[in-house]
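The values are calculated or read from the model by the stated rules, or taken from the named source; none is laboratory data. Keep in mind it's a predicted model, so treat the numbers as computed, not measured. Glycine also receives a Cβ, built like all others from the backbone with ideal geometry; neighbour counts cover every protein chain displayed. To get the accessible areas, we keep the full protein, side chains included, count just its heavy atoms, and leave off ligands, DNA and RNA. Shrake-Rupley method; radii C 1.70, N 1.55, O 1.52, S 1.80 Å.
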Amino acid sequence: MATKTYFVISVDEDCYQNRYQDVLRDLKAIPEVESIERIKGTCDLIVQAKAPIRAIFVANKILPKEWVKRLHMLK
């Protein structure tokens, strides 16, 4: 059974201003990612994903990206 999860991501300020399209391209390359939305506040993006096994496996694909400042997983 697949698990639907949401990730709230803070993006490094330099990457958010200058390389936003690269950030989107990196996220879209992850097959489990279903949608990406910009948000305002303490975080920059909310990402909806459908994990086939466990959501932590998707988080582990996002965390090593150089532009990730902080990642929170919502159930």
Counted residues, segment 14-23 - those being open to solvent by 30 Å² or more (accessible area, probe 1.4 Å) and in contact (Cβ under 8 Å) with a residue 40 or more places away in the chain: 3
Of all residues in segment 1-18, count the ones that are of a type outside the set (V, I, T) and either in contact with a helix residue (DSSP H, G or I) (Cβ under 8 Å, 6 or more places away or on another chain) or farther than 21 Å from W67 by Cα (or both). 6
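Matching residues to (1) within 18 Å of L74 (Cβ to Cβ); (2) of a type outside the set (D, E); (3) assigned to a helix (DSSP H, G or I):
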position	(1), (2), (3)
T5	yes, yes, no
D14	no, no, yes
Q21	no, yes, yes
R25	no, yes, yes
I30	yes, yes, no
E34	yes, no, no
K40	yes, yes, no
K50	yes, yes, no
I56	yes, yes, yes
Of all residues in segment 64-75, how many are surrounded by 13 or more Cβ atoms within 10 Å (Cβ to Cβ) and not in a strand (DSSP E or B)? 2
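Run down I9, I46 and say which single residue is open to solvent by 30 Å² or more (accessible area, probe 1.4 Å) and of a type outside the set (K, R).
It is I46.
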Residue pairs within 8 Å by beta carbon, gap of at least six or interchain, first lying in segment 24-37 and more than 15 Å from R54 (Cα to Cα), second open to solvent by 80 Å² or more (accessible area, probe 1.4 Å) and part of a strand (DSSP E or B), listed first then second, are E34/K50
Those residues that are hydroxyl-bearing (S, T, Y) and within 13 Å of the chain's Cα centre (by Cα), I need them from segment 17-43; list them, please. Y20, S35
